[in-house]
Amino acid sequence: MTDPQPTAPQRAVMPAHAARRLLELEAETRFTLKDGRIASEAPPDNAPGPLLYMAGGRIWVDETVAPPLLDQLSRLARHETPGSEALSPASLDRCLALLPRAGTPSGGLSYLLPHGTQAPGAARMIASGSAEAENLEARFEREGMPRHLLDLNFRQVADLWPPYCLVVEDGDVAALAFTARRGSRGAELGLVTLPAFRGRGLAGQAVAGWSALPELRELTLFYSTAATNLASQRVAAKLGLPFIGSTWEVARA
C-alpha cells in the first residue's frame, strides 16, 4: 500500500507520550464517543463516523463493533508509535481482515495548530461575530449564497460553521477557515480555498486568522489532512505547524 510522500516532516517533533495524548484528544474532538466508541462525527457535522480510526497506537471503532473484536483490534495497534515514518502501520491489513464491512482505508496526517500562528501576507479577513461578518451573512440571507460557495456545498449561512475566518478579495470570499469539529477541549480546523484564488498563500492567512479567534482560546487546535493532499501539507509546512503523527481511518464498504 503506497501513498505519496508528504512535504511536511514525517518525524515526531515532540516526545511520543505527548504526541499520543494529543492524538487521543484529537479523536475526542473529532468524534462523538459513547463508552469509547464512535457514535458519529462531532458537531457541527454530526455525520456518520468511520468504521475504524487508528492513531497513536489506539483504535476507535463504530459503536456497532462487538467488544471482543475491539479487544483484538486494540492489541494489534498498541505497538504503533505516533511519529512513525510509515503511513501504513504493519497491523493495518490484519485489522482490515478482522473487520466486517470494511471499506478502503485512508491515511491522514495530524498537526498541532498553535494559537496566534503567523502567516505572511496582509489579506483582508473577516471573523465571525464581527460587524462585517454580520453584514455579509445578512447579504447572503437576502441574496442567497454566491455560486462559488454553493459549488463547494456551502448552501446556507449555517454551513459556514463558526467560529470562522474568511479571506475576502473584491467582495468575494477567497478562502475560509472554519470550525469543522468542536469538543469540550479541542477544535479541528476546516479549510477551503476557492479555485480562482489558489496558489497565493491565502489559505495560510485564513488558518492564522482562525487560530487567533478568541472563542477558541481555551481549546487545543488541530490541523489534519489526507496523506494524498499535498497542497494542504504545503500549507502546514509553510506555517511551521508541529507534526503530531499519522492516522488511519476505514469507512464502511
Checklist line | Selection from region 184-206 of residues that are assigned to a strand (DSSP E or B) and free of Cβ contacts under 8 Å to residues at least 40 places away in the same chain | finding: G190, T193
Next item on the list: From N153, N135, grab the single residue that is more than 23 Å from the chain's Cα centre (by Cα) and either in a loop (DSSP other than H, G, I, E, B) or polar (S, T, N, Q) (or both).
Entry: N135
Next item on the list: Could you check how many residues of region 91-119 are assigned to a loop (DSSP other than H, G, I, E, B) and either loosely packed, with under 14 Cβ neighbours inside 10 Å or in contact with a Ser or Thr (Cβ under 6 Å, 6 or more places away or on another chain) (or both)?
Entry: 7
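Across region 70-88, which residue is modelled with the lowest pLDDT among those that are open to solvent by less than 30 Å² (accessible area, probe 1.4 Å) and in a helix (DSSP H, G or I)?
Step one: list which residues in region 70-88 are open to solvent by less than 30 Å² (accessible area, probe 1.4 Å), which gives 73-74, 77, 80, 82-83, 87.
Then drop every residue that is not in a helix (DSSP H, G or I), which leaves 73-74, 77.
On the way: L73: 84, S74: 82, A77: 72.
Among those that are open to solvent by less than 30 Å² (accessible area, probe 1.4 Å) and in a helix (DSSP H, G or I), it is A77.
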Check: Does region 208-224 contain any residue that is among the hydroxyl-bearing types (S, T, Y) and assigned to a helix (DSSP H, G or I)?
Finding: yes
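I need the full set of residues from region 225-253 which are open to solvent by less than 40 Å² (accessible area, probe 1.4 Å), under 15 Å from A119 (Cβ atoms) and either of a type in the set (D, E) or part of a helix (DSSP H, G or I) (or both), in order please.
Selection gives S232, V235, A236, L239.
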Next item on the list: Just need a number here: residues in region 1-60 that are at pLDDT 85 or above, of a type in the set (G, A, S) and in contact with a helix residue (DSSP H, G or I) (Cβ under 7 Å, 6 or more places away or on another chain).
Entry: 2
Check: Among the residues of region 130-144, which ones are closer than 15 Å to L213 by Cβ and open to solvent by less than 50 Å² (accessible area, probe 1.4 Å)?
Finding: S130, A133
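The values are calculated or read from the model by the stated rules, or taken from the named source; none is laboratory data. Nothing here was measured: the structure is a model prediction, and the numbers come from that model. Virtual Cβ from ideal backbone geometry, glycine too; neighbours counted across all protein chains shown. Side chains are part of the model used for accessible areas, which takes the heavy atoms of the whole protein and leaves out ligands, DNA and RNA. Shrake-Rupley method; radii C 1.70, N 1.55, O 1.52, S 1.80 Å.
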